[in-house]
Amino acid sequence: MNKVNTWIAVAVGMATLLGGVLGTAFTIDSRYAKTGEIADIKDYVQKIDKRLEIKILKDRADALQERMWKIEDRYGMELAEMSEEVRLQYRELKKEYDDIMDKLKRDD
């Protein structure tokens, strides 16, 4: 009878120990992010970052186009009719606008 009680106590002790180890393993596993999850999150953040960058560039291109149209409405399409200061400003706007449009085309 004494040996049976000892074996039962050892079995219960081992089961308790095994349960504690498994519980700890599951806790650690659920607490820390897995490599695959981190990769998915990084990919998602990169996509959002790319969309935001494109949105900012499009907004800047729209603002530049608006300023160019205002100059064109006021002075006409001919650069020769514009004053030197306005011509320089128009050329800078046009260059920046073209650069943004080229970048947007490359990114698509």
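Where a number appears in this text, it was derived from the coordinates with a stated rule and is not lab data. None of these values were measured; they are calculated from a predicted model.
Give me the percent relative contact order of the chain, please, defined on Cα pairs under 8 angstrom at least 6 residues apart. Intermediate values should be presented prior to the final figure.
Numbers: 22 pairs, mean separation 27.9, N = 108.
It rounds to 26 percent for the chain.
Over the chain, consider all pairs of different Cα atoms and compute the Kirkwood hydrodynamic radius from their mean reciprocal separation; express it in Å, one decimal.
20.3 Å
Would you mind checking the pairs K47/K94; K50/K70; K50/K95; K47/K70; K70/K103 and listing those with alpha carbons more than 27 angstrom apart? Intermediate results must be reported in sequence, preceding the final value.
On the way: K47/K94 29 Å; K50/K70 30 Å; K50/K95 23 Å; K47/K70 35 Å; K70/K103 24 Å.
Exceeds cut-off: K47/K94; K50/K70; K47/K70.
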